[in-house]
1. Compute, for the chain, the length of the dipole vector about the Cα centre, with Cβ point charges of +1 (Lys, Arg) and -1 (Asp, Glu) only. Units Debye, rounded to 20.
2. To check you understand DSSP bridge types, tell me what percent of the beta bridges within segment 232-342 (both residues inside) are antiparallel, rounded to 5.
3. Can you give the local net charge around GLU298? Use residues other than it whose beta-carbon is closer than 13 angstrom to its beta-carbon, Lys and Arg +1, Asp and Glu -1.
4. Which distance in nm do the two modelled labels at ALA181 and LEU313 give, with both placed 7 Å along the Cα-to-Cβ direction?
5. In nm, to one decimal, how far is the HIS10 label point from the GLN85 one, both placed 7 Å along Cα→Cβ?
6. From the residues PRO46, ALA76, LEU88, which one has its Cα farthest along the dipole of segment 5-163 in the positive direction, the dipole being from +1 and -1 charges on Cβ of Lys/Arg and Asp/Glu about the Cα centre?
7. Using a 10 angstrom Cβ neighbour count of at most 16 plus a DSSP loop assignment to flag exposed trypsin sites (Lys or Arg not before Pro), which longest range of the chain is free of such sites?
8. Using R₀ = 56 Å, calculate the FRET efficiency as 1/(1 + (r/R₀)^6) where r is the Cβ-Cβ separation of LEU380 and LEU60; round to 0.05.
Amino acid sequence: MAFPNWKIGHALGIPIYLHASWFAVFFFLTWSLATGYLPETMPGLPVPRYWGMGGVAALLLFLSVLLHELGHSYVALRYQIPIKQITLFIFGGMAHMGKEPPSPRAEFLIAIAGPVVSLILGAGCFGGSLAVESLFAQSGAHGLIVLGSLLGMVNVQLGLFNLIPGFPLDGGRILRAGLWARNKNFDRATSQAALAGIGFGVALGLIGATMIVGAWSGVLEQSIATNGSWLIFIGTFLFAAALASRRQAAPRILLASVTVRQVMVHRVITLLPDMSVQDAVDHHFVAQGGGEFPVCEEGKVLGLLTVREVQALPTALWPWRLVREIMRPTSPDFRIPPDWSIMQAMDRMAQSGWDCLVVMEHEQIVGLITRSAIAQYLQLRGSESLGVRGEG
Ligand SMILES: [Zn+2]
């Protein structure tokens, strides 16, 4: 969705944004409360009063959604997971986490925090409106009571709906935490929880369709049709989001099952640190058609020389500079063992910023693994994307 976002403030140090689609929902909620729910529950009031109350109620509903997201965010921050922003949009809210939770336990606690906040808020609103009813029943506090029970109802619904065990809903994340704890495989757990999400998406759509058909044929009340369309809308959203998560997890599952040894380049040409850049270009870069070369001396990997470093050096200086002077010096995280999975190698590349890693076994270089070799391997296997973890 390419609609603009507006920043409206901060909470817990996290920027809060309003998505353009929020205004449509805000208007729809205000309108349906002002013309339907409020005149039905509190007849005989002037029309502007209904609109005013409808607007206030719609704002409080979005505040409830925001508090739900802040519940997730609070626990995530306790686990040192950065929250880039919270966006309020057509389906509610979303806290954009900077990385995946470190453990199933963290995943579970972060996921359940949102519904817990909603259920507590719901109970509080119901309790509040009951208290107002018993204390001020005679003094015209009817509006406050209606508003309180409406907010209570919506918060309880928000809490319960999000507990549906289909990823990426909160309940689906709780399910993923359980599956992850059981089979110790994050991506497989995501894929399975997303399959449940697809199932619940379809089920919600079917229930919604049944409600609409029931309302049309007169078996159910007419007003049920609106609820039915909402269910279809939400079911479609859940279905699409779950399908996307499953597609994203698929190549990662493949990559976790393939070892570095299967994909690495076996014939590795190394450069000596004291050869000139000109020699390296003439004898190796030209012969290999470019590439990346580990720089080694006495069995030790000192650095990596790639086309990038050579290009950065003016051609006139090639005969006068040594490989040692322009190579990227390596750190220990540049070396990996051959029995690692491709997924581990890719995570290492992402963390360390290297596009290529040296594969070592018994203190010997046995291969070289590059991003492009992995991409090529995936292409051969017919996988669509690399789906590197991190966003979400
Ligand atoms: Zn939530």
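Bear in mind these aren't lab numbers, they're just calculated from the coordinates by the rules spelled out. Just so you know, these numbers come straight off a predicted model, no measurement behind them. Cβ coordinates were reconstructed from backbone atoms using ideal geometry, including for glycine residues, and neighbour counts include every protein chain displayed.
1. Details: 26 positive and 24 negative charges, 76 e Å.
Dipole magnitude for the chain comes out near 360 debye.
2. Numbers: 10 of 11 bridges.
In segment 232-342, approximately 90 percent of DSSP beta bridges are antiparallel ones.
3. On the way: positive: LYS300; negative: ASP274, GLU297, GLU363.
Computed value for this residue: -2.
4. 5.6
5. 1.5
6. Towards the positive end, the residue furthest out is ALA76.
7. Details: sites that count: LYS99, LYS184, ARG267, ARG321.
The longest such stretch corresponds to 1-98.
8. Numbers: r = 55 Å, r/R0 = 0.98.
That pair, LEU380 with LEU60, gives E of 0.50.
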